[in-house]
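First up is the structure itself, then whatever we jot down about it.
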Amino acid sequence: MPPKRQPPKWIVRPPDARSAQFAAELGVSPIVAGLLLARGYSDSAAAKTFLNPSLNQLHDPLRMLGMSEAVGRLLHAIDNHEPVLIYGDYDVDGTTGTAVLLRALRMLGATAGYHVPHRFTEGYGIQQAALEKASREGYKLVVSVDCGIRAHEPLIWARDNGLDVIITDHHLPDEDEGAPPAFAVLNPNQQGCTYPDKNLAGVGVAFKLVHALFRERGRESQVPGFLKMVAIGTVADVAKLVGENRAIVALGLSDLPRAVNYGLRALIEIAGCEGEMNAYDLGFRIGPRINAAGRMDAASAVVDLFNAKDKEEARHLAEHLDTRNRERMEAQREIFNRAVEEFETGAEREAQTHAAIIAGDGWHRGVIGLAASKIAERLNRPCVVISFDGDVGHGSARSIEAYHLFNGLTSCRDLLDKFGGHSHAAGLSIRRERVPEFRRRLNEHAASCLTEDDLTPALRIDAEIGAADLSFQLSKDLSLLEPFGAGNPRPVFATKGLRVLGEPQVIKEQHLKLRVAGENNRPFEAIWWRGLEETAATPQANQRIDLAYEFEAQSWMGDVKLQLNVRDMKTSEW
């Protein structure tokens, strides 16, 4: 059984004296105005832009370094009937981006194929063997999606052998080597790129290329139709939902119920997402089914799904992804439990004061990243989970907010065969004999960056409100801030002195369901997902408790009710 988490420290944001006036300026409730101020939207123009996502918030794609060259080369290929190979990554970001770019190029008349590498037989990123195969098959142009920014050696081979490669990626380039020697590199995070939004996901960068191509061909009116897929990849990749990403996701979500693509329609149905959808549906229902293909099997099934020619084929492929996702969940539970046990019982535990490096033999490589994410959250420190196959270990790393993981790995680069990623998520490969020194040095680096406060779990609460404030109107007001996600989290509120009505229910041996009431005795349903795992003591009937929670209106079979999704609970001092 995994260890109980350390109860977080509650950090309640004090009320902002400007909220009432700002609310009047914007025509929103003081609670929403306070949330906007806290999230940095302190003038009415910025706040109105945030509250009203629109197509005119999408930046000119030609502002991205390398875009003109990329568009010119692709249009030359289309006009001269040169086949184009799309080389996509195997995660949800890469596969959705591959599907978007493939459909776009074919709509423009290109002869386009695609290659998505197999996670286990080929590994991450652009491989020279795949480029050699593409060249033998007659391709003269390759376009990457969500990979390639650090593929220097394969791209040197491509350049020397007459194969043009356009890189579209968002991962951080090598600080020393910079961008690779490609025909063009599209990456807002590369040195010298002045593109105003650095938060685009890989699918977002591919979309900017599509936008520029369609504009050049006088078909810009068709560009918004791609936003449905781009929204899925953006949310599922946990990209920050601010700026351009917010507009992409909001517009894509509004259009998703009208999807006509056979594959997308089948996936929506099998995920149980009919009707209006929100970012949660993309991140926790649709996204995981897409991601499971690359984690458990061949990710090419995702691109096949979105290119399905009829409903029957689409349904079959969607069911395949659904099955892979159930397998993924089971494998994730197993690896999480084994990794936590290894951490708890391992001789190195005392030395892992600031970072957890956990290794095992034969762990399913498709889910070690998910396990690392859960363990980092549970232990509140950066975590690397490594699976060994013989003497070679493949690792996935996840971090906490206060620690720049990519910088930590860079400080250990001489110990790693390969690594790449972001500030808070990365992948690596390492030799077995180097793991003890890697463990020591990453902990040393993390210790130099992290304080005790950083390692103490904290729950940031947006506002303390009374039970009387909880209403359908508040739920409606909060919906103005959607889509919620990374960079724009669902607000967390705290209410003190709630009385527990009756005995709490235990659901599926892990969740807690409570009925609570405040000073006005109006009852509310509160759900604490995995509450038995999270709390040391279940509350009793008539006990007074303080709750930290997310607030929403839940609709089920036409019945709409208000629900408190519990984040933490304390015995009330009232």
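The values are calculated or read from the model by the stated rules, or taken from the named source; none is laboratory data. Everything quoted here is computed from the prediction, not taken from an experiment. Every residue, glycine as well, gets a Cβ built from its backbone with ideal geometry; the counts of neighbours run over all protein chains shown. Heavy atoms of the whole protein, side chains included, go into the accessibility calculation; ligands, DNA and RNA do not. Shrake-Rupley method; radii C 1.70, N 1.55, O 1.52, S 1.80 Å.
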Original post:
Whose amide H sits under 5 Å from the amide H of Ala359, counting only residues 5 or more places off or on another chain, with H placed in the peptide plane?
Top reply: Ile386
Original post:
Just going by the charge dipole of the chain, with Lys and Arg at +1 and Asp and Glu at -1 on Cβ, which of Leu532, Gly66, Leu547 is farthest out on the positive end?
Top reply: Leu547
**OP:** Output the relative contact order of the range 100-226, whole-number percent, from Cα pairs under 8 angstrom with separation of 6+ residues.
**Re:** 21
**OP:** Let me know the shape class of the range 53-129, please: from the alpha-carbon gyration tensor, a ≥ b ≥ c as square roots of the eigenvalues, rounded when a/c is under 1.5, otherwise prolate if a/b is greater than b/c, or oblate.
**Re:** oblate
Original post:
Percent of accessible area on the range 1-160 owned by carbon and sulfur, 1.4 Å probe?
Top reply: 53
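Where Rh denotes the Kirkwood radius from the mean inverse Cα pair distance, what is Rg over Rh for the range 453-505?
Numbers: Rg = 14.4 Å, Rh = 13.8 Å.
So for the range 453-505, dividing Rg by the Kirkwood Rh gives 1.05.
Among residues other than Ala541 whose Cβ falls under 15 Å from its Cβ, what is the net charge (Lys/Arg +1, Asp/Glu -1)?
Computed value for this residue: +3.
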**OP:** Compute the convex hull volume of the Cα atoms of the range 271-389, divide it by the residue count, and report the result per residue in Å³ as a whole number.
**Re:** 111
**OP:** Give the Cα extents of the range 91-215 along the principal axes, in whole Å, largest first.
**Re:** 39, 39, 29
Subject >> Per-residue ³J(HN,Hα) for the range 477-485, Karplus 6.51 cos²θ - 1.76 cosθ + 1.60, θ = phi - 60°, Hz, x for Gly and Pro >> reply: 4, 5, 5, 5, 8, 5, x, 8, x
**OP:** Positive end of the charge dipole of the chain (Lys, Arg +1 and Asp, Glu -1 on Cβ, about the Cα centre): tell me which of Phe472, Gly487, Tyr124 has its Cα farthest that way.
**Re:** Phe472
**OP:** Provide the packing ranking of 385-393, 239-247, i.e. peptides ordered by the mean count of other C-beta atoms within 10 Å per residue, highest first.
**Re:** 239-247, 385-393
Original post:
How much area per residue is accessible in the range 269-365 when the probe is 1.4 Å and only protein heavy atoms are counted (Å²)?
Top reply: 48
**OP:** Could you tell me which of rounded, prolate or oblate describes the range 514-570, using a ≥ b ≥ c as the square roots of the eigenvalues of the alpha-carbon gyration tensor, with rounded for a/c under 1.5 and, failing that, prolate when a/b is larger than b/c and oblate otherwise?
**Re:** oblate
Subject >> Magnitude of the charge dipole, the chain, Cβ model with Lys/Arg +1 and Asp/Glu -1, debye to 20 >> reply: 760
Original post:
Put a dot 7 Å past each Cα toward the Cβ at Glu401 and Ala129; how far apart are the dots in nm?
Top reply: 4.3
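For the chain, list the DSSP H helices whose alpha carbon atoms reach 20 Å or more along the long axis and whose average Kyte-Doolittle value is 0.5 or above?
Qualifying helices, which must be both long enough and hydrophobic enough, are 92-107, 202-216.
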**OP:** Would you mind getting me the FRET efficiency between Glu452 and Ala536? Use the beta-carbon distance for r and R0 = 30 Å, nearest 0.05.
**Re:** 0.85
Original post:
For Ala553 and Gln473 in the same chain, what is the full-extension length gain: residue separation times 0.36 nm, less their Cα-Cα distance, in nm?
Top reply: 27.8 nm
Subject >> Per-q log10 I(q)/I(0), the range 155-241, q = 0.10, 0.21 Å⁻¹ (Debye; single scatterer per alpha-carbon; no solvent) >> reply: -0.30, -1.08
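Which length gain, in nm to one decimal place, applies between Arg413 and Lys570 when the Cα-Cα distance is subtracted from 0.36 nm times their residue separation?
52.2 nm
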Original post:
Cα gyration tensor of the range 1-131, axes a ≥ b ≥ c as square roots of the eigenvalues: rounded (a/c below 1.5), prolate (a/b > b/c) or oblate?
Top reply: oblate
Original post:
Taking the Cα centre of the range 269-339 as origin and charging only Cβ (+1 Lys, Arg; -1 Asp, Glu), how large is the dipole, in debye to the nearest 20?
Top reply: 360
Original post:
When only C-alpha pairs under 8 Å and at least 6 residues apart count, what is the relative contact order of the chain, in percent?
Top reply: 13
Original post:
Could you sort Glu220, Glu274, Glu550 by accessible area so the largest value comes first, with the probe set to 1.4 Å?
Top reply: Glu274, Glu220, Glu550
**OP:** With +1 on each Lys and Arg Cβ and -1 on each Asp and Glu Cβ, and nothing else charged, work out how big the dipole of the range 268-415 is about its Cα centre, in Debye to the nearest 20.
**Re:** 260
**OP:** Determine one quarter of the surface area of the Cα convex hull of the chain, which equals its mean projected area, and express it in nm² to one decimal.
**Re:** 26.9
Original post:
What Kirkwood radius, in Å to one decimal, follows from the Cα pairs of the range 356-412?
Top reply: 11.4
Subject >> Inter-probe distance in nm under a simple model that places probes 7 Å from Cα toward Cβ, at Glu122 and Ala46 >> reply: 4.3
Original post:
Taking the highest mean first, how do the peptides 436-442, 111-117, 13-19, 228-234 order by number of other beta carbon atoms within 10 angstrom per residue?
Top reply: 228-234, 111-117, 436-442, 13-19
**OP:** Would you kindly state how much longer the chain becomes between Gln222 and Gln21 on full extension, computed as 0.36 nm times their sequence separation minus their alpha carbon distance, in nm to one decimal?
**Re:** 68.2 nm
Original post:
Tell me, how many Å apart are the Cα centres for the range 98-121 and for the range 389-451?
Top reply: 32
**OP:** Extending each Cα 7 Å along its Cβ direction at Val260 and Glu341, get the distance between those two points in nm, one decimal.
**Re:** 5.4
Original post:
Roughly how many Å is it from the Cα centre of the range 36-87 to that of the range 500-574, as a whole number?
Top reply: 43
Subject >> Sequence-separation-based contact order of the range 260-374, relative, with Cα cut under 8 Å and 6+ spacing, percent >> reply: 28
**OP:** Before rounding to the nearest 500, sum -39500 (n - 2.57) across all DSSP H runs of length at least 4 in the chain and divide by the residue total; then give [θ] at 222 nm in deg cm²/dmol.
**Re:** -11500 deg cm²/dmol
Original post:
Among Ala112, His422, Phe336, whose Cα lies farthest out toward the positive end of the dipole of the chain, if unit charges sit on the beta carbon of Lys, Arg (+1) and Asp, Glu (-1)?
Top reply: Phe336
